[in-house]
Protein chains: 2
Amino acid sequence: MKFILSAGLVLLFTFTAGADEGMWLFNQPPRVLLRERHQFDVTDAWLEHLQKSSVRFGSGGSGSFVSADGLLISNHHVAADALQKVSSREKNYLRDGFLARTLAEEIKCLDLEVNVLESIEDVTARINAAIPADAAPAAAFAARRQAIAAVEKESLERTGLRSDVVTLWQGGAYHLHRFKRYTDVRIVFAPEAQIAAFGGDAENFEFPRHCLDVCLFRVYENGQPVRLKHFLRFSATGAAAGELTFVSGHPGHTSRLLTVVELQSHRDAGLPFRLNQLKRSEVLLGNWSALNSENARRAKKSLNGTQNSRKALDGRLAGLLDPELMGAKARAEAELKAQFAAKPEAAAALAAYDQIAAATKTLQAQAIRHSLLEGGGGFSSDSFGIARTLLRAAAERPKPNGDRLREFSDSGKASLELALFSAKPIYPDLELLTLTDALTFMTGQLGTSDPLVQQILAGKSPRARAAELLTGTQVRDVAFRRRLYEGGAGAVAAANDPLIELARLVDGEARALRKVAEEQGEIKHQAHAAIARARNTVRGTAGYPDATFTLRLAFGKVEGFTTAGQTVPPWTTYGTLYEREREMQSRPPFDLPPLWEKRRSQLNQKTPFNFISTADIIGGNSGSPVVNRAGEFVGIIFDGNLESLPWDYAYSDREGRAVSVHSAAILESLKQVYGAKVLAQELLTGRRGS
Amino acid sequence: MKFILSAGLVLLFTFTAGADEGMWLFNQPPRVLLRERHQFDVTDAWLEHLQKSSVRFGSGGSGSFVSADGLLISNHHVAADALQKVSSREKNYLRDGFLARTLAEEIKCLDLEVNVLESIEDVTARINAAIPADAAPAAAFAARRQAIAAVEKESLERTGLRSDVVTLWQGGAYHLHRFKRYTDVRIVFAPEAQIAAFGGDAENFEFPRHCLDVCLFRVYENGQPVRLKHFLRFSATGAAAGELTFVSGHPGHTSRLLTVVELQSHRDAGLPFRLNQLKRSEVLLGNWSALNSENARRAKKSLNGTQNSRKALDGRLAGLLDPELMGAKARAEAELKAQFAAKPEAAAALAAYDQIAAATKTLQAQAIRHSLLEGGGGFSSDSFGIARTLLRAAAERPKPNGDRLREFSDSGKASLELALFSAKPIYPDLELLTLTDALTFMTGQLGTSDPLVQQILAGKSPRARAAELLTGTQVRDVAFRRRLYEGGAGAVAAANDPLIELARLVDGEARALRKVAEEQGEIKHQAHAAIARARNTVRGTAGYPDATFTLRLAFGKVEGFTTAGQTVPPWTTYGTLYEREREMQSRPPFDLPPLWEKRRSQLNQKTPFNFISTADIIGGNSGSPVVNRAGEFVGIIFDGNLESLPWDYAYSDREGRAVSVHSAAILESLKQVYGAKVLAQELLTGRRGS
C-alpha cells in the first residue's frame, strides 16, 4: 500500500502529457492532452453521446444506458440500496439475485431517482454578481443562496428539467446542470451477492479481483420502457491490453485542491473521528448480523457501506500520514505562493490562505458537535431522518424559496418528496440498535454533563430512551408523514411525536452549528475562488476541479502495475476465479453461488473477468461505463485498488488503478450461467427482442 | 439487557441474607450469611480443600485439580493462550482440538505458569507502619513499595513459595499470598473451537448457551505428573436445579467500592476510550483474519479476546449510563457520607472523597497519554513489549529490590523470566499490522504535531516506520534476549536495536506518567483505606473487597430468570444443542465439528449441557470449579449472561447469572464423542488408569 506520488503531485499542478490524470468537466474536456498524449481527437458529437448515455444514481453512484429500450447498467453495489428496499424476509434479492424473464417481471424500485445530464451552463458571473461587495460572510452566504435558488427555480420552470447549481473549484465557479429525471426504474437482473462481491470485504480495494459487480435496470416513462436516442453500444470483445479507454461518471468527492492546513485538519481531526464512528458501526452491525440470517439481511447494505467507507478512509488517512504526500503538498503550495508573491494582482490569493486557515480552525472546533447534531451522527436511524425532515419542512416551506435551507428549495422538491414518502422498509429492531449506539456514542463524545445531552436522554439510559422514542413515533407510517408534511407546522406540533419533538429539541443548536458552517464555508469559497483565479493566471489553464458528484470524463490505459517487486497483470479470467475459489477452499466470502458451480464447464474459462486501467476515478464512479475510442461499452468501473485510495488527495499511476468488470464477462455470464439469452441479445443489438 | 439493581445496591452496603452476593476472601468467608441463608456451615477443612484444589492461571483465568495425578481442568478460552502458542500452520490445536492418548502425547505449554494458593497472611499493619506519618504521596508510595518488596522477598526466601502482597479494599488492607508455582503444564485434551465456543461472539454472554468450554491439562514436577492431596472429586450427576453451589476462582477486577466520581470517570472517559481502541482492533484483526486461514489462525486468540472485552465493556458502559444504577450509587454514597458526618472519628473518611476526586481528575487528565505510552497502547506488538522489558530490566535490576518498578522485584523474577524467554511464536506480519495501527491510532490521539510522536515516527508514515522497526529488531530471537538480559545496560545499548531504542525514546515520559499514576494511586489507597475503616465501623462488618485476581469464594443457586416476560430455564441439554444448530442452519458460528455430527446418536440427548446460577462472578472466574455442599465438582464457570455485565459495578440476581458447563456433559462428551474413556475414568475415580 506504499504510495509514491511526487510524480502525481507535479502533474496535479502542471497537466503535462505525463499521466492519465484528471476528472474533467464535459464542458471543458482535455482536448489538447488527449491529442498529444493519446492522439485522440474529442469531437462534440462523441462527447454529447457519452454524456447523454451516462446516468447518475440519486442513491449514489453512476451508470449508463445500454439499449434503446431503456436498459441501464450499473454495479450490484450501487443497486444494493434498491435491492435492499424491495427485499423481505421471504425474498432476499440483494443476496440471492434476480432475473426478470419478461417486462412484467421487472421489479419497480421504491424510491430510486436517476438523472441524465442534458446541459451545462456557466453561471459564475451571475451568482457572484449577486453578492454585494464587502458583504459580511453571513450576508454573502444568504445572497449567494438566494441567487442560486433563483437560477435553479427559473431554469426548472423554463425547461421542466431538474436544475442544480453546482459549486466547482471550491467556489471558483458555479455551473448550472440540467437533468432529465427518471423515477420509474425497474430491476431487470442482479447476480448473487456471492459473485457480485466475491471475496467480500477481504478483497475490496484489492486486485487481482473476481467480481461480477453489475446490475441491470430498465427505465420507464408513462408506464413504458423509455425510448432512447443516446445509449452505449455493447462491445462483445471488450477492452484490450494497452488500449485507451474513457470513463464517464460521477466521482463523489476529492480533496486535491485543498490547502495544506485543510489537509492537516482531515488528517488530525476529520478522518480519525470518522473512522472511529465507522469502526464502531462495523462492529455493531457485524455482530448483530451474526445473530441470525434475518438480521444479516436487514443490515446488509449498511454493513457493506460501512466496511467500504472504513477501508477507503483508512487508506486515505494512511496517505495523509505519509510524509512524502504531505511534503509534496507543502512544497507545491509553497511554490504556488511564491509565484503569487511575485505578482501584485495575486495579493488576494496570498491572503486567501490565511482566511482558509482561520475558517478551518473555526470549523474544526465545532466539527464533532456539527457531525453529531446537524449531521445526525448522534441519532443514526432512518426514523430520525424522517422526523427531522418533517419538522424542518414545516418551518422552511412557508419561507421565500431563496431563504430556505438548500434541501427545501423548490427545485429539489420533487426529489425530496420521493425520498420522504418512500415505502422502503424500516426495521424497528435495527433502528433500536443504531439509535442506542448513536446516543451512547454522542454521550461519550459530548459528555454526560452536557446540558443538551441530558435533555436528549431525558433522564434515561441510551437504550431505554431509544426504545421509548422508537415505540412512540409514528414516522414509519407513510400516511402519517404525508399528513404532517401537508399539514405544516400546526399539524407537526399537534402530532406531539416523540421523535419529531426530539428533532425540535436539537434543532436550535443544530441550525446554529450549520449557520457557522455556512458562513465559514462562504469565506472558504471566496478564498478558494481567489486562489483559483490566480492559479489559472499563473498556469495558463484551469485543469479540472475537485470531484463533486457531477459528471466527469476520465481516461486511461488498460495496464498492470508492479508493487513490492511483483508484477500484477491487468486481467483476471473466469479461469482464475475458480482457481481462487479452490485456493481459498470455498470458505465464505470465497464461496461461489450454486449456479456458478453447476455451470462451470459451460463457461469459457479464458473470458476476461476484471481488468484495471490508469483512469482517474474515485468513489461515486462506481457503475461508470468504460468506453473505447469508438464510444463502445467495454467495461464498467466498480472499484479502485488499495494503492488508489490516496487519490482523494493526489493522483499517481505508479501503482494506483481503477478496477472494472469486462464487457465480455457480462455477456458470457448472462448467456452461460443465467440462461438470459434475451437480455444478452438486447445488449448486443441495442434493442429489446420480443 | 435492561439492568435493574436497586436491590443489588442495597445489598452491597448491608449484606443481609437477601441475595447470593459476594466474592469472599478465603480467610474471611461469609460463615454467618451461608448459615442463615442456606443453612450451610463452612468448615475449615472444607475451605482448605477447596482453596488448595483451586488453580490460578498466570495467563489469566482459573481452574482446579480434578485428579490426584495432576489433572487440571479449565476453560477452552482460558487455555486459548497456551493452545495458540503451541500451534503452527500445520497443527491448529486451538481450532481443531487435541487428545493425548498417553502421557507421552501430552503437549508441554511454552510459558504457562499456574499457581495454587497455600496461605494468606494479613500484613496490613506491617505495611502501613512503614509509611512515615505525613509523608508526601511520592515518599509514601516509595516507602510502601519498599515495605511490600521486603515482605515478599523475605517470604520467598523463607518458604520458597511465590509471595505476592495484594492490595484489598482499594488500599484498606494488604494480604500476603503464598503460592505453589507450577511451570511444567501439559495439554491433555481440548475440544474443537466450534463446540468450545458454539455460537461464537454472537452468543458470547448469552443464555441459553451450548458450549463445551473446557480444556484439560496435567501438571508435572520433575518430569512426572504431580501427586496431589487436594483435588476435586468429579460428580457424575452434577448440579441439580435449585441446588446451592460454590464457586472458587479468581475474579479479575470489579469496581463496586469506587466513589461516584471514579465511576463517572469510567463512564465518561475510561470506557469510551477503551471501547474505541477495542472496536478498532476488532475491525483490524477481523478483516485481516478474513484474508486467509493462516491469518485467521495467527490472530485467533487476540481477536477472540478483543471481541470478548468489547462485549463486556459495552455492557458495563450501558450499566453506567443507566441512571438507575448511577442514581442508586449516588444515594448510597450520600447516605454513607451522612453517617460519617454524624461521627467525628470519621472526619478523615469524609475528607477522603475530595482527595479521591482530585486524584481522579489528575489521573484522567493524563489517562490517554498514560495508556498509549506507559500502557503500551501506542505500540501494540509482542516485540515492543519484549524490547521494553529488556530496556527496563537493565535499568532496574542493579537497583535495590525495594526501589525497582514492581514487575522487576526479586519475588517476581522467576515469572518474569519465564515470560521473557518464552519461545512462543511471534508473527512479523501480524506484528506489522498491529504496530502500524497502534502508531496510527496514537498519532490521531496525540496529534501529528506532538514532539514525541514526531520523534517516534522519525519522519516516516506509521506503516513505513513499523516496517523499519520490525525488520531491524532482533527481539524475536530468544538467544538475543538472554544475551541482553544477562549483559545488562551495556549490552542493551551496544545492541543498538531499533525497537529497544524506540522504547528508550519513550521511556522518559512513560516513567514520568507512571510516577504520577503511582503517587495519585497512593493518595487513593490512603483515602479508600480511611473510607473502609469508617465504613466497617458504621456497618459492623467488612463484607468482601473488590475483585483483584485473588482467590475468592462465591455461592449461588442453580436458577433460571425472567426477562421481558420470558422465562429462561436454568438448563440446556445436548438435545437443545442440536436443535439450535438446525435452527441456525449450521451456518458458522453455529456449525458443529464433524465428530459431533457423526456421534450424535451415541450422545444421550438429555444430558444437561450448560446451566446458570446466581453465583457472583466476573471475568477471571473463567474456569472456576463449581462445587456442591460436599465439595464435589459439578460444573465449571465459563461466562456470565449479558445481564451480569454491570456486576462490575453492582451485583443483582434479578436477571444476572453465571454460566457453567455441567460436569455430566464433560463426561458424556469425553466418552461418547471423543472416545476418551481413560480420561473420563480418571475424572470419575480421581486416579489415572494405566
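Of everything listed in (1) more than 19 Å from residue B:391 (Cα to Cα); (2) touching a residue at least 24 places away in the same chain (Cβ under 8 Å), the single unmet condition for residue B:440 is (2). Per the conditions (1) under 18 Å from residue A:618 (Cα atoms); (2) open to solvent by less than 20 Å² (accessible area, probe 1.4 Å); (3) more than 11 Å from every other protein chain (Cβ to nearest Cβ), the sole criterion not satisfied by residue A:310 is (3).
Is region B:508-523 home to any residue that is over 30 Å from residue B:350 (Cα atoms), open to solvent by less than 20 Å² (accessible area, probe 1.4 Å) and in contact (Cβ under 8 Å) with a residue 12 or more places away in the chain?
yes
Here residue B:4 clears all of (1) surrounded by fewer than 19 Cβ atoms within 10 Å (Cβ to Cβ); (2) modelled with pLDDT of 95 or more except the condition numbered (2). When region A:643-652 is filtered for residues that are in a helix (DSSP H, G or I) and either hydroxyl-bearing (Ser, Thr, Tyr) or touching a Lys or Arg at 6+ places or on another chain (Cβ under 8 Å) (or both), the ones remaining, listed by number, are A:643, A:644, A:645, A:646, A:648.
Filtering region B:54-65 to residues that are on the phi > 0 side of the Ramachandran plot and either modelled with pLDDT under 95 or surrounded by fewer than 17 Cβ atoms within 10 Å (Cβ to Cβ) (or both) leaves only B:60.
Restricting B:171, B:200 to those that are at positive phi and within 14 Å of chain A (Cβ to nearest Cβ) reduces the list to B:200.
How do the pairs read when you match residues in region A:661-686 that are on the phi > 0 side of the Ramachandran plot with residues anywhere that are in a loop (DSSP other than H, G, I, E, B) and open to solvent by 10 Å² or more (accessible area, probe 1.4 Å), using Cβ under 9 Å and keeping only pairs 6 or more apart or on different chains? So the pair list comes out as A:675/A:599; A:686/A:69; A:686/A:231; A:686/A:233.
Name the residue, out of B:411, B:381, B:415, that is more than 14 Å from every other protein chain (Cβ to nearest Cβ), within 19 Å of residue B:495 (Cβ to Cβ) and surrounded by 18 or more Cβ atoms within 10 Å (Cβ to Cβ).
B:381
Residues in region B:385-408 that are in contact (Cβ under 8 Å) with a residue 60 or more places away in the chain, open to solvent by less than 10 Å² (accessible area, probe 1.4 Å) and not aliphatic (A, V, I, L, M): B:392 only. Taking region A:646-678, which residues are under 21 Å from residue A:253 (Cβ atoms) and either among the hydroxyl-bearing types (Ser, Thr, Tyr) or open to solvent by less than 10 Å² (accessible area, probe 1.4 Å) (or both)? Across region A:646-678, the qualifying residues are A:646, A:647, A:648, A:649, A:650, A:651, A:652, A:656, A:657, A:658, A:659, A:660. Is region A:327-334 home to any residue that is under 22 Å from residue A:657 (Cα atoms), within 14 Å of chain B (Cβ to nearest Cβ) and either free of Cβ contacts under 8 Å to residues at least 40 places away in the same chain or open to solvent by less than 40 Å² (accessible area, probe 1.4 Å) (or both)? The answer is yes; a qualifying residue exists.
Among residues that are surrounded by fewer than 23 Cβ atoms within 10 Å (Cβ to Cβ), touching a residue at least 60 places away in the same chain (Cβ under 8 Å), more than 11 Å from chain B (Cβ to nearest Cβ) and not basic (Lys, Arg), residue A:251 is not included.
Among the candidates A:567, A:548, the residue that is among the polar types (S, T, N, Q) and in contact (Cβ under 8 Å) with a residue 24 or more places away in the chain is uniquely A:548.
On inspection, residue A:630 does not qualify as surrounded by 17 or more Cβ atoms within 10 Å (Cβ to Cβ), assigned by TED's automatic domain parsing to the domain that holds residue A:37 and of a type in the set (Gly, Ala, Ser).
The residue that is farthest from residue A:101 (Cα to Cα), counting only those in region A:679-688 that are open to solvent by 30 Å² or more (accessible area, probe 1.4 Å) and assigned to a loop (DSSP other than H, G, I, E, B), is A:687.
Could you grab me the full set of residues in region A:433-453 that are open to solvent by 40 Å² or more (accessible area, probe 1.4 Å) and either touching a Leu at 6+ places or on another chain (Cβ under 7 Å) or more than 10 Å from every other protein chain (Cβ to nearest Cβ) (or both)?
Selection gives A:445, A:451.
Scanning region A:38-53 for residues that are within 24 Å of residue A:636 (Cβ to Cβ), open to solvent by 20 Å² or more (accessible area, probe 1.4 Å) and part of a helix (DSSP H, G or I) yields A:45, A:46, A:48, A:49, A:51, A:52.
Of all residue pairs spaced 6 or more apart or on separate chains, those with beta-carbon atoms under 6 Å, a first member in region A:272-292 that is within 27 Å of residue B:584 (Cα to Cα) and of a type in the set (Phe, Trp, Tyr) and a second member that is in a helix (DSSP H, G or I) and open to solvent by 30 Å² or more (accessible area, probe 1.4 Å) are A:288/A:433. Candidates in region B:547-580 are the residues that are charged (D, E, K, R) and open to solvent by 10 Å² or more (accessible area, probe 1.4 Å); of these, the one that is farthest from residue B:654 (Cα to Cα) is B:579.
Counting only residues that are within 14 Å of chain B (Cβ to nearest Cβ), within 35 Å of the chain's Cα centre (by Cα) and open to solvent by 50 Å² or more (accessible area, probe 1.4 Å), region A:455-503 holds 4 of them. Among the residues of this structure, residue A:207 counts as one that is within 24 Å of residue A:577 (Cα to Cα) and either at pLDDT 95 or above or open to solvent by 10 Å² or more (accessible area, probe 1.4 Å) (or both). Filtering region B:608-627 to residues that are open to solvent by 10 Å² or more (accessible area, probe 1.4 Å) and in contact with a Phe, Trp or Tyr (Cβ under 7 Å, 6 or more places away or on another chain) leaves B:608, B:618, B:620, B:622. Only residues that are among the hydroxyl-bearing types (Ser, Thr, Tyr) and modelled with pLDDT under 95 were counted across region A:518-561, and they come to 2.
Here's the yes/no breakdown for (1) within 9 Å of chain A (Cβ to nearest Cβ); (2) open to solvent by less than 20 Å² (accessible area, probe 1.4 Å); (3) farther than 19 Å from residue A:310 by Cβ:
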position	(1), (2), (3)
B:263	no, yes, yes
B:266	no, no, yes
B:270	no, no, yes
B:276	yes, no, no
B:284	yes, no, no
B:287	yes, no, no
B:298	no, no, yes
B:303	no, no, no
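The values are calculated or read from the model by the stated rules, or taken from the named source; none is laboratory data. As the structure is a prediction and not an experimental result, all values here were calculated from the model. Cβ atoms come from the backbone with ideal geometry, glycine included; neighbour counts cover every protein chain shown. Remember, those area values only see protein heavy atoms, side chains included, never the ligands or the DNA or RNA. Shrake-Rupley method; radii C 1.70, N 1.55, O 1.52, S 1.80 Å.
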